[in-house]
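To start, the structure itself, in structure tokens.
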Amino acid sequence: MNAYVKEVLDALKARYPWEDEFLQAAEEVLESLSPVMDSEPKYKANRILERIVEPERSILFRVPWMNDRGEYVINRGYRVQFNSAIGPYKGGIRFHPKVQLSTLKFLGFEQTFKNSLTSLPMGGGKGGSDFDPNGKSDNEIMRFCQSFMTELCKHVGANTDVPAGDIGVGGREIGYMYGQYKRIRNEFTGVLTGKGQNWGGSLIRPEATGYGVIYFAEEMLKARNDSLKGKTVVVSGFGNVSWGACIKATQLGAKVIGISGPDGYVIDPDGVGTQEKWDYMLTMRSSGKDKVAEYVKKFPNAQFVAGKKPWEIKCDIAIPCAIQNELNGEDAKTLVANGVMMAVEASNMGCTPEGWKYFIEKNIPFAPGKAANAGGVATSGLEMSQNSMRYNWTAEEVDQKLHQIMVNIHKACVQAADKYGFSGNYVIGANIAGFLKVADSMIDQGLV
């Protein structure tokens, strides 16, 4: 490890010893940058690493709201505006009971490099609340979203910070927040992405992350003179990302044989590959039950396995789509023993370090989320462009642009890895390619 990298990491660990997720993300990125620090002294001279690991701004606030029983409830709200060197802050809003500052710092840090990889002018940020939308009525969710945006609106804007959805935040929540923003600020502007298509949203935005992951996997296979045709795929989760991945993988000739939820996983030997099954995934997601077991009631040829993760299913391609650190070292060993060909992160930091390092050790191609799942934020960036032009592209045009962005991200990762002597290592390639654009922009803009 480069001495400068070690110095920064040691200081970071001493300063934030309780922020495990953020430290994990920072360690992965900074270790990858050692060859860059060895060859480019300008980054140390400008103390770029110390600056890039600190958010430009972290906003914490209370969110008071009233439930349907007339009781007062208090949650915590956050917005971490991590880096604006290449554009306005851009990153999702997550509503989940486990949301805390460490979670959002790691997500905002990752988002900075992910957004850089898209080549679109977007900085990195992330936000959310420890509010749990599961089991809440529409009116409770509306009241919470309005209270949340009443504070957040002071800190966001089309040229400042453009949030999107994330876990627990879909079209309904975006709509409630956008309505409140418009009410308070008296302006109709592209301040949020993932909007409804009648009022500024982009076509294929809900599918975009899943589509992008499959496009990236396709490029990984093409680089090895292979294709998705006939491959078996297992995804985790059954939300928007998994749903989009199931659709695009099927369209490109693969067969998704497993999906999962907090309660266990489902094996579908017929494949999650029909419109009826994709529609039912959306029904399960909107039900608020958060149980994948519902799937086998609708499609009895499938089998439900309670309390287990889907990584014990034999497959060619494993795609974690749910949440951070969902695939660990033991899961990776199981997948490799069962003959997995590649692993592609669709969730942010979906694999633990033990997991992704084991794949690389065994020469299994592994794509990190900051590269593979960038399709979602890329399409959000395309939504921002459409909002600025007051114009909507067709679904085909958006899909074509998304596809090309994912092809370009794959190419950038490969070229960066090759240049610094780590051919085939997508983790190092993605980190270096994402870092260089941001770091050089920070140098150009002076000590800010």
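The values are calculated or read from the model by the stated rules, or taken from the named source; none is laboratory data. Values in this document were obtained by computation on a predicted structure and should not be read as measured data. Here the Cβ positions follow ideal geometry from the backbone for every residue, glycine too, while neighbour counts run over all protein chains shown.
A few comments on the model shown:
- Annotation: of all residues in the stretch 291-320 being farther than 14 Å from VAL266 by Cβ and not basic (Lys, Arg), the one that is surrounded by the fewest Cβ atoms within 10 Å (Cβ to Cβ) is ASP316.
- When the stretch 178-192 is filtered for residues that are touching a Lys or Arg at 6+ places or on another chain (Cβ under 7 Å) and surrounded by 20 or more Cβ atoms within 10 Å (Cβ to Cβ), only TYR178 remains.
- Residue within the stretch 71-90 that is at positive phi, crowded, with 19+ Cβ neighbours inside 10 Å and outside the structural domain of SER347 (by TED's automatic domain parsing) present: yes
- Of the residues making up the stretch 391-411, not a single one is outside the structural domain of ALA322 (by TED's automatic domain parsing), free of Cβ contacts under 8 Å to residues at least 24 places away in the same chain, within 29 Å of THR103 (Cα to Cα) and assigned to a helix (DSSP H, G or I).
- Residues (crowded, with 16+ Cβ neighbours inside 10 Å and outside any loop (DSSP other than H, G, I, E, B)) located in the stretch 270-285: LYS277, TRP278, TYR280, MET281, MET284, ARG285
- Only residues that are more than 22 Å from ALA412 (Cα to Cα) and touching a residue at least 24 places away in the same chain (Cβ under 8 Å) were counted in the stretch 352-369, giving 6.
- Taking every residue in the stretch 315-343 that is of a type in the set (S, T, N, Q) and pairing it with any residue that is buried (at least 23 other Cβ atoms within 10 Å of the Cβ) and at pLDDT 95 or above, at least 6 positions away or on another chain, the pairs with Cβ-Cβ distances below 6 Å are ASN328/GLY355; THR334/TRP311.
- Flag if LYS437 is within 19 Å of LEU33 (Cβ to Cβ), among the basic types (Lys, Arg) and crowded, with 23+ Cβ neighbours inside 10 Å: no
- Residue ID - farthest from GLY350 (Cα to Cα), chosen from residues in the stretch 1-38 that are of a type in the set (Gly, Ala, Ser) and free of Cβ contacts under 8 Å to residues at least 40 places away in the same chain: ALA3
- Hits in the stretch 369-390 (condition: more than 30 Å from TRP356 (Cα to Cα) and either among the aliphatic types (A, V, I, L, M) or part of a loop (DSSP other than H, G, I, E, B) (or both)): LEU382, MET384, MET389, ARG390
- Given (1) touching a Leu at 6+ places or on another chain (Cβ under 6 Å); (2) closer than 21 Å to TRP243 by Cβ, number of the condition ILE409 does not satisfy: (2)
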